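No value in this document is a laboratory result; all are computed from the given coordinates. Since the structure is predicted, the reported quantities are computational estimates derived from the model, not experimental observations. Heads up, the Cβs are rebuilt from the backbone with ideal geometry, glycines too, and the neighbour counts pull from every protein chain shown.
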Amino acid sequence: MATATASTTAVVRAPKKETLWRRIVRYKHAYAMIAITFILLMFFNYYPAFMGLYRAFFNYDVGLKPEFIGFGNFVKLFTVDKTFIKSLGNVAIFTIWRVISAMIFPFLAAELIFGLTNAKHKYGYRLAMIIPIVVPGMVSILLWQFIYDGVNGLLNALLGAVGLASLQHAWLGDPSVALGAVTLMGFPWVGGTNVLIYLAGLQGITNEIVDSAKIDGCTGFRRVWYIDIPLIRGQFKLLIVLSIMGGLQGWSTIFVMTKGGPGTATMVPGMWLYNNAFQWNKMGYASAIGLFMFVIIMTLTIVNMKFIKTSES
């Protein structure tokens, strides 16, 4: 009887896993609706990017037949091109300051807003932080170009008004101060988006933790250092990555304000890439610059993701 029972027991098998192709066929109508999006992405986003990586190993001038030269462009970058070497130093200064300013000033503003006890005041300050975001970034750049103007600029006018005329400069025309002027623009360096990112992290800290800290006497700066900062490391990690990417890739500000001048005082790799590609039609050499910067950004991003730990990682 036992044998018969065992023989009639159904064998439960795991359901066969559906393959990717079968899922595509099953949901073919949904995939058909988004196919045009993927086609456009491949054509306008991914194809130019991969072609740029490919052309980095060619001597390719517009209108001429590409010539494969291997690592020739990269050798030229670091052995012949002194302007590129100069641009690396400039962009390092620019990026370091961008990271520092993104970590300090918006965080302090977020802490001040987070410390308000009146909900209406908190909402008002959050609204005040978000309003400037709707203004195009180019407007801000042009405004700072006027501030730094050596003849009618606001900065020189203020220095003259307070009796510091000796400190007046042609801020964007003097090689000794042009890089510092471009780097420090944006005072007081409290970006609305950055403030809101920090504020969102602070608001995610539960009231129980804050109340326990108050009971234990952990208030003021001690609470910020031992509770707030450790619990919002994810926001710090995000803004560090965004600041590094923005700093190393950024060139629009330089293009509008100085075009890399005077001389090469404010030249950055993005500006040098633009000059080679669209002024001198050296697409292969410009692609090599782009590939090198891609490797640098990717490396710094991986290092940041690996060594800055958060509560989730």
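Between Val80 and Met298, what FRET efficiency follows from the Cβ-Cβ distance if R0 is 25 Å, with the result rounded to 0.05? Present the calculation step by step, with values, prior to reporting the outcome.
Working: r = 25 Å, r/R0 = 1.01.
It comes to 0.50.
Report, in deg cm²/dmol and to the nearest 500, the calculated mean residue ellipticity at 222 nm for the chain, where each DSSP H run with n ≥ 4 adds -39500 (n - 2.57) and the sum is divided by the residue count.
Calculated mean residue ellipticity at 222 nm is -19000 deg cm²/dmol.
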Fewest-first ordering of Met33, Met257 by Cβ atoms within 10 Å yields Met33, Met257
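Determine, for Ser166, Ser212, Ser101, the number of other Cβ atoms within 10 Å of each Cβ, and report the residues in order from fewest to most.
Numbers: Ser166 7, Ser212 12, Ser101 20.
Final ranking by Cβ density, sparse to dense: Ser166, Ser212, Ser101.
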With Rg and the Kirkwood Rh both taken from Cα atoms, where does Rg over Rh land for the range 75-307?
1.04
Go ahead and run the numbers for FRET between Leu184 and Arg22, Cβ-Cβ distance against an R0 of 51 Å, rounding to 0.05.
0.30
Using the Karplus equation 6.51 cos²θ - 1.76 cosθ + 1.60 (θ = phi - 60°), what ³J(HN,Hα) coupling, rounded to whole Hz, does each residue of the range 147-163 give in order, writing x for Gly and Pro?
4, 8, 4, x, 9, 10, x, 5, 5, 5, 5, 5, 4, x, 5, 9, x
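Among the listed pairs Lys122/Lys214; Lys237/Lys306; Lys86/Lys259; Lys65/Lys86, which are separated by more than 19 Å between their Cα atoms?
Working: Lys122/Lys214 21 Å; Lys237/Lys306 10 Å; Lys86/Lys259 14 Å; Lys65/Lys86 31 Å.
Where the Cα-Cα span goes over 19 Å, the pairs concerned are Lys122/Lys214; Lys65/Lys86.
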